[in-house]
1. Determine whether the range 133-142 contains at least one residue that is among the β-branched types (Val, Ile, Thr), at pLDDT below 90 and surrounded by fewer than 20 Cβ atoms within 10 Å (Cβ to Cβ).
2. Would a scan of the range 28-37 turn up a residue that is surrounded by fewer than 13 Cβ atoms within 10 Å (Cβ to Cβ), farther than 20 Å from ILE170 by Cβ and at pLDDT 60 or above?
3. Among the residues of the range 80-102, is there at least one that is modelled with pLDDT of 95 or more and either of a type in the set (A, V, I, L, M, F, W, C) or surrounded by fewer than 20 Cβ atoms within 10 Å (Cβ to Cβ) (or both)?
4. What residue, among those in the range 166-196 that are among the hydrophobic types (A, V, I, L, M, F, W, C) and in a loop (DSSP other than H, G, I, E, B), is modelled with the lowest pLDDT?
5. Within the range 197-217, take every residue that is at pLDDT 75 or above and either among the charged types (D, E, K, R) or outside any strand (DSSP E or B) (or both) and give me the one that is farthest from MET31 (Cα to Cα).
Amino acid sequence: MVRKLFCLLLLAFALNSIAFAQLGIRAGVNMANHIKSFRKQDIIAGFKTENLTGYQIGLTYQIFSQRSPMSLGSDVGIFVSQKGFAYADSTKLVDIVTLGYKEINYLELPVNLRFRFSHKLIGAYATSGFYAGYVMNGKSVNETNDLTENLSFSSVIDRFDYGYCIGAGIEFFKKINVGLSWTQGLKNLMNQKSVNLPTENDKDNRVFSVNLTYIIK
């Protein structure tokens with residue numbers, strides 16, 4: 001079902017006549033698997049300093065069908081995106097809690113529909129689409145014992161990830177985009193035999209991002 005929707009989205013882009021296109025550089029901060037819901041207390045908790053688990057950097061290519069202030073188009077990107085999760089592993093026999101986190105670096109390709117409303121000084125946009133990602137590398141950090149080791153991919157079922165994404169933001173001078181985005185993975189990435197896993201619902205990627213895009217062309 002996901003593949004069919006993804007193909008339909010690509011087909012819509014291909015049928016969309018190109019009036020103009022823009023290339024931009026994007027950088028941002030990822031808060032991975034820490035915002036559990038959109039309730040006020042969960043969003044506030046997600047902005048704690050210790051929850052800023054990663055970064056996002058790469059290129060985005062935006063395509064629009066017309067140059068009017070209000071237009072529908074698409075965008076495709078290629079990013080290095082750092083995701084992961086924190087964990088607390090308790091040992092009942094000795095009453096010890098081990099705290100730590102895992103950082104996983106992805107090469108990520110998002111494809112979105114993009115709605116834009118823009119004037120000379122300020123505008124707004126909204127996006128919705130799908131992404132695919134590939135695990136490049138990662139590490140596991142044991143904060144209790146101050147230990148760091150490279151992530152063993154025996155704990156990952158598949159190095160490929162996919163899911164959907166939504167976003168919105170504000171545009172300044174048709175050059176600078178400041179945005180928020182949410183990506184929800186649709187795949188269980190972690191092996192059931194892995195140690196130090198978070199709760200069952202945390203085995204997919206859920207990432208809230210704050211990003212800045214500068215249009216260079």
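1. yes
2. Within the range 28-37, one or more residues are surrounded by fewer than 13 Cβ atoms within 10 Å (Cβ to Cβ), farther than 20 Å from ILE170 by Cβ and at pLDDT 60 or above.
3. yes
4. VAL195
5. LYS217
The values are calculated or read from the model by the stated rules, or taken from the named source; none is laboratory data. Fair warning: this is a prediction, and the values are worked out from it, not measured in the lab. For neighbour counting, all protein chains shown are included, and Cβ atoms are generated from backbone atoms with ideal geometry for every residue, glycine included.
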